[in-house]
Amino acid sequence: MVERVAESYRAMKRDQAGLPLAWLPAGEWAIALRSRTDLYDALSEDRIEPAADILSGFWRNELAPIVKEYATHAALAAGDDEAARRFLHNVVRNWLIWRALTNAPTAALATPPVGNPWGCMIEGTVVAPKASRYHLMARELAGMVGSLSTPVVAEIGGGYGGLAEFFLRDQPHGVWLDYDLPETAVIAAFFHLGSRGGDRVVLYGEGPTPTRRDMLRPGLTYIMPNYAIRDLAPLSVDAAVNMFSLSEVGREPLAAYLERIEAITAGWFVHHNMDRPGVVQHGHERIPASTFRLDPRALPLVATGFDPFHGPDGDYRWFIHRRSERP
């Protein structure tokens with residue numbers, strides 16, 4: 001698995017050279033990547049065992065910010081009582097909201113044992129950070145595109161792969177395209193290879209990069225660098241989705257991503273992002289989601305609302321756009 005991830009990472013970094021600034025790490029993400037150099041150096045130098053050691057514990061080591069919500073694993077492991085109370089309160093609250101909205105069994109929130117996951121034990125299931133959120137979003141996406149014989153979803157910024165995991169459990173014939181920075185894509189690649197199996201995951205560099213819908217095979221996950229979305233043909237996906245990251249990438253990359261989302265989306269665009277002005281992290285001000293610019297003639301906004309887990313006073317909102325005349 002890690003040999004495949006390393007080879008793909010080198011291909012992504014090779015093809016990233018010389019790209020316009022809009023497709024390079026920017027905003028908060030440029031800073032976040034500096035804390036993971038041990039992994040990137042190991043992958044670049046084909047040192048498989050050190051890379052495997054890091055990836056096999058990504059839920060608990062320097063890669064762990066990608067799974068964080070409410071508290072870090074380091075704080076909990078160190079016995080920080082305040083962090084533990086905050087984590088327990090919020091995860092249980094989210095679980096109660098999720099249960100009321102879905103009426104699903106708690107076992108549906110189980111996370112595959114890839115990367116040494118952790119969370120809060122509820123009714124015999126370890127409920128990982130963000131699991132309730134990802135599962136609820138996956139159900140909503142399934143309601144939008146699940147009636148299609150082979151729904152194609154493109155996620156911009158897939159994180160470690162949690163949303164895709166929940167969606168594909170119930171949509172085994174679906175196709176998931178994960179477009180992310182190479183440094184994050186390798187974590188998702190490792191997670192999906194472990195959870196779905198090597199024959200159901202295609203990594204960048206393993207054959208032609210998919211540019212058209214007819215190049216996609218049902219039931220597969222494709223892990224691609226963010227810039228590969230530039231070559232995806234218009235109206236290739238039934239839904240595009242983003243959670244948490246478009247507000248953080250900087251204005252030039254945001255404009256580039258929105259242009260491509262508008263072009264490739266034949267059906268739905270759903271995103272969930274910060275919508276409060278004046279939020280500064282690592283010296284960068286987040287872009288309020290309500291200011292994102294899409295052509296209302298192409299992808300009109302059909303619904304928006306506050307984050308169901310943070311409530312009406314929270315900083316996050318969800319937005320749903322839908323192409324008015326589906327091809």
Of all accessible heavy-atom area on the stretch 96-202, the percent that carbon and sulfur account for (1.4 Å): 52 percent
Two-decimal Rg to Rh for the stretch 263-306 - Kirkwood Rh, Cα set: 1.04
Just subtract the alpha-carbon distance of Val279 and Glu325 from 0.36 nm times their residue separation and send over the number in nm, one decimal. 12.9 nm
Order these peptides, 46-52, 310-316, by their mean beta-carbon neighbour count within 10 angstrom, highest first. 46-52, 310-316
Multiply the residue separation of Glu45 and Ala233 by 0.36 nm, subtract the distance between their alpha-carbon atoms, and state the gained length in nm to one decimal. 64.3 nm
Can you tell me the FRET efficiency between Arg212 and His310 if r is taken as the Cβ-Cβ distance and R0 is 56 Å, rounded to the nearest 0.05? 0.90
Any idea how far apart Asp53 and Ala263 come out in nm if each label point goes 7 Å out from Cα toward Cβ? 4.4 nm
Computed over the Cα atoms of the chain, what is the ratio Rg over Rh, Rh following Kirkwood? 0.93
Place a point 7 Å from the Cα of Ser147 in the direction of its beta carbon; the residues of the stretch 287-306 whose amide N falls under 19 Å from it are 302-303
Residues in the stretch 250-279 near a label at Ala30, defined as backbone nitrogen under 19 Å from the 7 Å Cα→Cβ point? 250-258, 279
Per-pair calculated FRET efficiency, R0 = 45 Å: Arg85 and Arg4 via Cβ, rounded to 0.05: 0.65
Between His173 and Ala100, what length comes free when the chain is fully extended (0.36 nm per residue of separation minus the Cα-Cα distance, one decimal in nm)? 23.5 nm
Label 7 Å along Cα→Cβ of Val92; the stretch 122-155 residues with amide nitrogen under 13 Å? 122-123
Can you give me the distance in nm between label points at Ala255 and Leu21, each placed 7 Å from the Cα along the Cα-to-Cβ direction? 1.1 nm
At a 10 angstrom cut-off on C-beta neighbours, averaged per residue, how do the peptides 291-301, 124-134 rank from highest to lowest? 124-134, 291-301
Averaged per residue, what accessible surface does the stretch 22-94 expose to a 1.4 Å probe, in Å²? 49 Å²
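The values are calculated or read from the model by the stated rules, or taken from the named source; none is laboratory data. The model shown is predicted, which means the values in this text are computed figures rather than measured ones. Positions of Cβ are generated from backbone atoms using ideal geometry, with glycine treated the same way; all protein chains shown enter the neighbour counts. Protein only, heavy atoms only, side chains kept; ligands, DNA and RNA dropped before computing areas. Shrake-Rupley method; radii C 1.70, N 1.55, O 1.52, S 1.80 Å.
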